Amino acid sequence: KDAEGKTTGFRGVVRDITEIKKMEKERQESLEHLRQTLESTVHAMAVTVESRDPYTAGHQRRVADLACAIAAMMDLEKSRIDGLRMASIIHDLGKISIPTEILTKPTKLTAIEFEIVKTHAQAGYEILKDIVFPWPIARIVLEHHEKIDGSGYPHHLKGDDTLLESKILTV
């Protein structure tokens, strides 16, 4: 400043941030690659289940579309909707443990056969529980047949004992 207090110049540091910007771009590209890998892996799981169960073919994707539409109408944040989509696409993954004869049976299932089918939610959870997802995918899969009144399965959970995403998926 001069004698009158007016600024006559300034002192600063100029730094080239080209390298920082390059690293940030590479990080974003890496994150996008990981996201695509995750989606592809989940899709591969869904295709595996669909190959064993003609009923499931297309069902999981339709459920995912419906669940995500409901979640969007509820104004859930994008990240939660993304997690719901992933869980929806593989919600019947546990059917891979159900004998094909039961999955493809053209007539009504016996009580015992239906009890076997009902194990698919727990089986799906067991398959997914140790995978680190950014969302509670395994729990959503486990809870996708629970009902608010406790009449669902496998654990007869009630009300707020289930995740919101699980409730949406149940619809």
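Among residues of segment 21-42 that are surrounded by 10 or more Cβ atoms within 10 Å (Cβ to Cβ), those with a Cβ under 7 angstrom from a residue that is part of a helix (DSSP H, G or I), sequence gap 6+ or separate chain, pair up as VAL42/MET86; VAL42/ILE89.
When you check GLU50 against the structure, is it among the acidic types (Asp, Glu) and under 16 Å from VAL141 (Cβ atoms), yes or no? In short, yes.
There is no residue in segment 49-70 that is under 15 Å from the mean Cα position of the chain (by Cα), under 16 Å from PRO154 (Cα atoms), hydrophobic (A, V, I, L, M, F, W, C) and at pLDDT 95 or above. Exactly one residue among LEU38, LEU31, LEU76, LEU84 is out of contact with any helix residue (DSSP H, G or I) (no Cβ under 9 Å at 6 or more places or on another chain) and not hydroxyl-bearing (Ser, Thr, Tyr), and that residue is LEU31. Using the structure shown, decide if LYS147 is surrounded by fewer than 19 Cβ atoms within 10 Å (Cβ to Cβ), free of Cβ contacts under 8 Å to residues at least 40 places away in the same chain, touching a His at 6+ places or on another chain (Cβ under 9 Å) and of a type outside the set (Phe, Trp, Tyr). Yes: the conditions hold for LYS147. Considering the conditions (1) surrounded by 15 or more Cβ atoms within 10 Å (Cβ to Cβ); (2) out of contact with any His (no Cβ under 8 Å at 6 or more places or on another chain), LEU164 is excluded by exactly one of them, (1).
The values are calculated or read from the model by the stated rules, or taken from the named source; none is laboratory data. Given the structure is predicted, the values throughout are model-derived calculations rather than measurements. Neighbour counts are summed over all protein chains in view; Cβ atoms, including those assigned to glycine, are modelled from backbone coordinates with ideal geometry.
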